[in-house]
Structure formats: structure tokens, C-alpha cells
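Novice: Below is one structure. I have some questions about it.
The values are calculated or read from the model by the stated rules, or taken from the named source; none is laboratory data. Keep in mind it's a predicted model, so treat the numbers as computed, not measured. All Cβ positions, even for glycine, are placed from backbone atoms using ideal geometry, and neighbour counts span all protein chains on display.
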Amino acid sequence: MPNYLVLFENYQKKGLINEKDDYIFTDKTLDNFFFLGLIKKIFPQAKVINCQRNPLASIMSILKNNLGDVSWAHNIEHIFSYFDLYYKKINFFKKSFPNFIYDLQFENFQNDPENESKKLMQFCNLSWNKKCLEFYKRKDIVSYTASHRQIRNPIYKESIDKYQPYKSLLNRYGNKYNWFN
């Protein structure tokens, strides 16, 4: 049996995917972009949601959340290098597999969650329901990420400009990258 089928079976055994949910699941692992080719092979109908956010806001969030198990997340230069690799991989796969990756602009989603969630659900070939915006009321959602508290609350807007006081510091590191600014 090919290795990718073994991985699929492991997802099933762990209860991460099942027929009852039409094999629909979400995996927010930060390193998923490294495995886009494998994801496409294991789940040929997969839809990848690339949540894009102002890079400075993302970088400050990474630093603020002190991601203990993420080795690259404790050094600004490493974070910028990681982001550079991420942008290169995402762009490669967007060109190679159109309609595989959906860019969801985080700030647009925060400002207009209903319309943005409708577009997202359409991309994923899923029906939209007003309950999509009431995710925080569900008791069956589990998160093992830094957003485990966020999923218990409505969509918030407080984080949009939190990076502003640090912008001049971060500019010093980011100016050498074409995705920056």
C-alpha cells in the first residue's frame, strides 16, 4: 500500500476524518504548506484555505503567543525566513494547481464575515448557513492551537493594528523580502 494511503488510514483511525462528516476536516498546522503536494495526493479533492494577514500582524502574533514547540518562532530573522519560504511555496502551488488554494484575507474577513464566509464556502463547495458565523456557540469544536480561546468568542477586530508600535523594528528585518510592504 502506498505511504499516502497509510496516512489517510491514520487520519481515519485517529478520528480526524470520517464518512459521517463527508471526510471534511480542518487542520491548521503552521507547517502544512510544506506538505501541499502530499495533501493534494492523499486528498485530491482537498481545498486549502490560505489565510492571509498583514505579515507584520502575523509576525507579532507569533512572537506574542510564545509558541514553545515551534523552533523557528523565537528569532525574528528565522520568522522572516520562514515567511519567505511560505510565500514561495504557496505561490508555486497556486500556479501549479489553480482552484486548490483559496486566499482568505484575514482583515476582509474580520470586517465583513458574512460575505467573506459565503465566498469561502462556495470555494469549498459547501452550503453556507448563518450558523457559520456562530461557531463560538458550538461545543464540539476542538482546537489544539493558540486560537483555542478565540473559537469560543465571536469574530474580533482588536488584532488588526496591534503590530503598529513595532512596525519600524520589523521593517529593518523585512525590507529584503519582496513580499514585505
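Novice: Can you say whether residue 103 is touching a Cys at 6+ places or on another chain (Cβ under 9 Å), surrounded by fewer than 17 Cβ atoms within 10 Å (Cβ to Cβ) and of a type in the set (D, E, K, R), as far as the supplied structure shows?
Specialist: Taking the combined requirement at face value, the residue satisfies it.
Novice: While we're on this one: Which of (1) modelled with pLDDT of 95 or more; (2) within 17 Å of residue 27 (Cα to Cα); (3) surrounded by fewer than 14 Cβ atoms within 10 Å (Cβ to Cβ) is the odd one out, the single condition residue 141 does not satisfy?
Specialist: (1)
Novice: Being free of Cβ contacts under 8 Å to residues at least 60 places away in the same chain and either surrounded by 18 or more Cβ atoms within 10 Å (Cβ to Cβ) or not in a strand (DSSP E or B) (or both) is the filter here; which residues of region 51-63 pass it?
Specialist: Listed by number, the residues that qualify are 53, 58, 62, 63.
Novice: Continuing with the same structure: So, in region 40-89, exactly how many residues are touching a strand residue (DSSP E or B) at 6+ places or on another chain (Cβ under 6 Å) and under 28 Å from residue 6 (Cα atoms)?
Specialist: Filtering region 40-89 for residues touching a strand residue (DSSP E or B) at 6+ places or on another chain (Cβ under 6 Å) gives 48-52.
Keeping just the survivors that are under 28 Å from residue 6 (Cα atoms) gives 48-50.
The qualifying residues number 3.
Novice: While we're on this one: Just the residues that are surrounded by 13 or more Cβ atoms within 10 Å (Cβ to Cβ) and either out of contact with any Asp or Glu (no Cβ under 7 Å at 6 or more places or on another chain) or modelled with pLDDT of 90 or more (or both), please, taken from region 119-138.
Specialist: Kept after step one, since they are surrounded by 13 or more Cβ atoms within 10 Å (Cβ to Cβ), are these residues of region 119-138: 119-121, 123-124, 126, 128, 132-133, 135.
Across region 119-138, the qualifying residues are 119, 120, 121, 123, 124, 126, 128, 132, 135.
Novice: In the set 80, 35, 92, which member is assigned to a helix (DSSP H, G or I) and either among the acidic types (Asp, Glu) or in contact (Cβ under 8 Å) with a residue 40 or more places away in the chain (or both)?
Specialist: None of the other options fit; the residue is 80.
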